[in-house]
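Asks: Could you have a look at this structure, given as structure tokens, before my questions?
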Amino acid sequence: MTETRQQRRQAARRGGRAAQGGLPRPLWLGLGGAIAIALGLWFWNRDTASTIVRDGSPSWSSDGREIAFYSERDGKADLFIVNRDGTNRRALTRTPADEGGPVFSPDGQLIAFDSEGGGSFDIWVMRRDGTDVRRLTTDPARDVAPAWSPDGRRIAFMSSRDNPEFDLYEMNADGSGVRRLTNGASNWFPQYSADATRLAFHVMRDVHVMDLGTGAMTRLTTEPMNGMHPSWSPDGRQIAFMSWRNGRTELFRMNADGSGQELLLSMPDGDAVDPRWSPSGDAIAFVHVPSGGVTSAQDATQERVVYVMDLKTKALTRLSR
């Protein structure tokens, strides 16, 4: 029988790489499924294909016309691309491996993503049509969640290579010159500011911003008024993020210094997670979990749906079909 993700994690732990296959336990207990939604880290049996929508990690093209995402509806995670209005959905990958975290390069020609195609999760890159696939990292630990710098020369990512709860790293766009940015705690989902001088991410359950020149960090949210999975506005003046401060996961925004925190979106049911600001600043893509991301995170029947919200009208467009 095909090995499940849970079995692979257990094997990794027996081999001494607990973080390569598993989530940091404090985060997993506190966030439930929401963090798993963003990374695609689900206990899923490949032998059980499903027609249930299980999409995540939306990422805008540089012109704002298309969105890349992963989908697990066929029993594993493949990458897809769709027009902003939900039309013309097409597959970018169809492999035996799991792929996730797609993100367009600033010039729109490439897509970086994470994949276990090399035996462990690493950062890969391909052309936007799915061709010319190249592996950028080869560490046996888990390298995931790539983010392009605005000039396209660097890629930030999170890795368990030196910290079982993940640190952040930066490398050249060809995979060379890897350097460690954080040291200790749990550091997740880096995002460059528009001027490339700052990096937003969350440490444990709060949004932080790092000055890439000095390494100085500023904490923008404070548990229990927590914040995770930050996304910069194109002008760098605001940050969207997700928070369960009101009892379920909703989308918020705040000024870049952490002030002016306000509710942006609360779905009628379930959770809203993984916000991504559009390049024009007029919309946010996100993932809706109708049954709630903090319940039954291992349930393969749990639906995850990608939406786009118009920030002016609050109108929602469903991209997942």
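The values are calculated or read from the model by the stated rules, or taken from the named source; none is laboratory data. Just so we're clear, the structure is a prediction, and the values are computed from it rather than from any experiment. Cβ sites come from the backbone with ideal geometry, for glycine too, and all protein chains shown count toward neighbours. We work out accessible area using only protein heavy atoms, side chains counted, and drop any ligands, DNA or RNA first. Shrake-Rupley method; radii C 1.70, N 1.55, O 1.52, S 1.80 Å.
Asks: Six or more apart or on different chains, Cβ atoms under 7 Å: show the pairs whose first residue is in the stretch 176-204 and more than 21 Å from residue 59 (Cβ to Cβ) and touching a residue at least 12 places away in the same chain (Cβ under 8 Å) and whose second is in a loop (DSSP other than H, G, I, E, B) and open to solvent by less than 40 Å² (accessible area, probe 1.4 Å).
Replies: Close Cβ pairs satisfying both conditions: 184/163; 186/24; 186/166; 197/212; 203/186; 204/186.
Asks: What pairs come out if I take residues in the stretch 78-91 that are on the phi > 0 side of the Ramachandran plot and pair them with residues that are open to solvent by 40 Å² or more (accessible area, probe 1.4 Å) and assigned to a loop (DSSP other than H, G, I, E, B) whose C-beta lies under 9 Å away, six or more apart or interchain?
Replies: These pairs meet every condition: 86/321.
Asks: Tell me which residues, restricted to the stretch 61-100, are crowded, with 19+ Cβ neighbours inside 10 Å, in a loop (DSSP other than H, G, I, E, B) and of a type in the set (S, T, N, Q).
Replies: Scanning the stretch 61-100 gives 61, 93.
Asks: Here is a further query. Name the residue that is nearest to the chain's Cα centre (by Cα), counting only residues in the stretch 204-245 that are among the aromatic types (Phe, Trp, Tyr) and open to solvent by 10 Å² or more (accessible area, probe 1.4 Å).
Replies: Residues of the stretch 204-245 among the aromatic types (Phe, Trp, Tyr): 232, 241, 244.
Subsequent filtering for residues that are open to solvent by 10 Å² or more (accessible area, probe 1.4 Å) retains 232, 244.
On the way: 232: 14, 244: 17 Å.
Looking at the filtered set, the residue picked out is 232.
Asks: Checking residue 248 against (1) within 19 Å of residue 201 (Cβ to Cβ); (2) surrounded by 14 or more Cβ atoms within 10 Å (Cβ to Cβ); (3) touching a residue at least 24 places away in the same chain (Cβ under 8 Å); (4) not hydrophobic (A, V, I, L, M, F, W, C): exactly one of these is not met. Which one?
Replies: Unmet condition: (1).
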